[in-house]
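Please read the structure below before turning to the comments.
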Amino acid sequence: MRNLRVLVAAPARSPRCQADARRVAARLTYLRGVNSVPSPTQPVLIVPPGAADRALGADVDVLYICAHSYPGPDPEGLLDTDLASLNSPLTAKALILDTCWGAAPTVRRALAALRPAHLPPLALLACAGPAPFDHHILAGPLLEALLTGPRTDPWHQRLAAAKATALTTAEMAAHTRRDWARWQIHSVPGTRITP
């Protein structure tokens, strides 16, 4: 079984998101069978404004993005890039959006438009509302559970199982008061037609 390729990304204009992303990426260095992209020595992709396609178009299995989103249930951008201007094919199998309103219908439609229709649906874990900065603490245990767990189920089932496992860890016991139910798993079928 081949190693899983994982990309952790954060926006250039947010040192806070970069710090959180680095903490998540550091945890991956201890997992067997995980290749960090761009490289183990550069485990976080820092994305300049307008360049979200650099992350969304990466050839990886799992994409974790720690970013800001415009407020409200209809966000207009991701990684300091307007959703309408995204155009790279989204081929990752799973996407974890650690950003406010990442599960909003607008975001899911934009992701579906990037996802080639011939690929299985994208497994998306995202927050259905505001995501306070301290919610990045779920990402480490979740990614660890996802990347070390069984590799045979469909990705949206694997994400659901990883979330359930992560929430039962001793590490997360101090954070049970947070509203983790807002972090939802979606199966996003692609609508992008490829020649």
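The values are calculated or read from the model by the stated rules, or taken from the named source; none is laboratory data. In this text, all values refer to a predicted model and were calculated from it rather than measured experimentally. Every residue, glycine as well, gets a Cβ built from its backbone with ideal geometry; the counts of neighbours run over all protein chains shown. Heads up: the accessible areas ignore ligands, DNA and RNA and are worked out on the full protein's heavy atoms, side chains in. Shrake-Rupley method; radii C 1.70, N 1.55, O 1.52, S 1.80 Å.
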Every residue from segment 6-25 that is open to solvent by 50 Å² or more (accessible area, probe 1.4 Å) and either farther than 18 Å from Leu78 by Cα or among the polar types (S, T, N, Q) (or both) | Arg22, Arg23
Strands (runs of 3 or more DSSP E) contained in segment 1-94 and holding at least 1 residues among the hydroxyl-bearing types (Ser, Thr, Tyr) and under 23 Å from Gln157 (Cα atoms) = 34-37, 62-66
Matching residues in segment 76-91 (among the hydroxyl-bearing types (Ser, Thr, Tyr) and exposed (fewer than 15 other Cβ atoms within 10 Å of the Cβ)) number 2
Taking the stated definitions as given, is Asp61 of a type outside the set (A, V, I, L, M, F, W, C) and buried (at least 19 other Cβ atoms within 10 Å of the Cβ)?
-> yes
Those residues of segment 112-134 which are at pLDDT below 85 and either touching a Gly at 6+ places or on another chain (Cβ under 7 Å) or open to solvent by 10 Å² or more (accessible area, probe 1.4 Å) (or both) amount to Ala128, Pro130, Ala131, Pro132, Phe133, Asp134
Every listed condition ((1) in contact with a strand residue (DSSP E or B) (Cβ under 7 Å, 6 or more places away or on another chain); (2) over 22 Å from Ala9 (Cβ atoms); (3) modelled with pLDDT of 85 or more) holds for Thr194 save (3)
